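**Q** Here's a structure for you.
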Ligand code: SF4
Ligand code: FES
């Protein structure tokens with residue numbers, strides 16, 4: 001277990017943990033945009049920069065992305081020096097030019113002393129901060145229906161050729177992980193529409209509420225071997241059924 005110093009505090013973390021995880025375990029807040037604990041670190045947004053050095057290093061402290069850099073024995077980390085904050089300000093200044101109306105970006109920029117971007121504001125403001133969480137989640141679950149397309153200021157998240165993606169199953173994982181609410185969808189008890197595709201919903205056989213799309217249910221059954229009866233129950237009814245089973249087992253044990 002490596003032992004290191006973060007902002008003057010001694011921190012011990014599990015082997016292989018990143019500096020970000022080490023800082024979080026010590027209650028030290030480092031801003032992030034592209035990090036999610038359920039996904040592999042990506043290092044795309046550069047907002048989580050920190051300064052690192054060691055007593056044995058003869059070079060100046062280095063700026064590294066804390067979500068990618070492994071916690072090492074003897075490392076001295078500073079998460080809020082003026083150099084770190086200046087580097088984060090550049091990231092946020094640029095992001096504010098792309099996403100001037102996005103509350104998350106506005107808040108982070110304000111926290112770093114930026115009220116207005118010093119760059120030219122995009123002629124087509126967007127809420128997409130290009131954090132990649134949606135595409136990486138979609139890849140992570142093995143669907144890969146969307147991708148980052150185009151370059152420069154025109155970069156965006158979309159299905160290939162901007163066509164309704166055949167691989168999409170309408171699970172909403174991309175929309176739910178998006179930190180800015182950029183991914184639009186419409187869902188009701190009968191249908192769900194996302195990325196230009198409309199899916200029929202499976203209705204819970206107990207309460208009648210919509211649970212998942214038929215396409216997602218078919219995938220769960222085929223790829224993951226989930227029993228067909230399970231996909232016909234919504235999460236709330238599944239929880240109720242599990243609780244009822246547990247209670248009856250406990251009652252039976254009490255009787256024995
Ligand atoms: S759509 Fe949302 S999750 Fe995807 S890259 Fe843009 S901001 Fe991130
Ligand atoms: S959170 Fe580390 S680079 Fe985005």
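Since every read-out is calculated from the coordinates, none of them should be taken as a lab result. Note that this is a predicted model, so its numbers are computed, not measured. Ideal geometry is used to build each Cβ from the backbone, glycine not excepted, and the neighbour counts take in all protein chains shown.
**Q** What percent do you get for the relative contact order of the chain when only Cα pairs under 8 Å and 6+ apart count?
**A** It comes to 11 percent, rounded to a whole number.
**Q** Could you tell me what a quarter of the Cα convex hull surface of segment 62-218 works out to, in nm² with one decimal place?
**A** Dividing the Cα hull surface by four gives the mean projection, 13.0 nm².
**Q** Using 7 Å Cα-to-Cβ label points, what is the residue 1/residue 251 separation (nm, one decimal)?
**A** With each label placed 7 Å out from Cα toward Cβ, I get 4.5 nm.
**Q** Next question, about the same structure. On a 0 to 90° scale, report how tilted helix 214-224 is relative to the longest principal axis of the chain, with both axes built from alpha carbons and the result rounded to the nearest 10.
**A** 80 degrees
**Q** Roughly how far apart, in whole Å, are the Cα centres of segment 152-195 and segment 92-107?
**A** 22 Å
**Q** Before rounding to the nearest 500, sum -39500 (n - 2.57) across all DSSP H runs of length at least 4 in the chain and divide by the residue total; then give [θ] at 222 nm in deg cm²/dmol.
**A** -9500 deg cm²/dmol
**Q** Where the centroid of each part is defined by its Cα atoms, how far is segment 213-227 from segment 40-85 in Å?
**A** Centre-to-centre (Cα) distance: 43 Å.
**Q** Follow-up. From the P(r) of segment 133-242, can you give the percent of Cα pairs sitting at distances over 21 Å?
**A** Within segment 133-242, distances greater than 21 Å cover 40 percent of Cα pairs.
**Q** Report the extension gain between residue 110 and residue 243 in nm, rounded to one decimal, defined as 0.36 nm multiplied by the number of residues separating them, less their alpha carbon distance.
**A** Using 0.36 nm per residue and subtracting the Cα-Cα distance, I get 43.3 nm.
**Q** Just 83, 240, 98 to compare: in a GNM of the chain, with alpha carbon springs under 10 Å, which one fluctuates most?
**A** Fluctuation is largest for 240.
**Q** With the Cα gyration tensor of segment 36-130 in hand, give its eigenvalues times 5 under a square root as the equivalent ellipsoid semi-axes, listed largest first in whole angstrom.
**A** Here the semi-axes work out to 29, 16, 10 Å.
**Q** If each Cα of segment 3-80 is one equal point scatterer, what is log10 of I(q)/I(0) from the Debye formula at q = 0.20, 0.21, 0.26 Å⁻¹?
**A** -0.80, -0.88, -1.33
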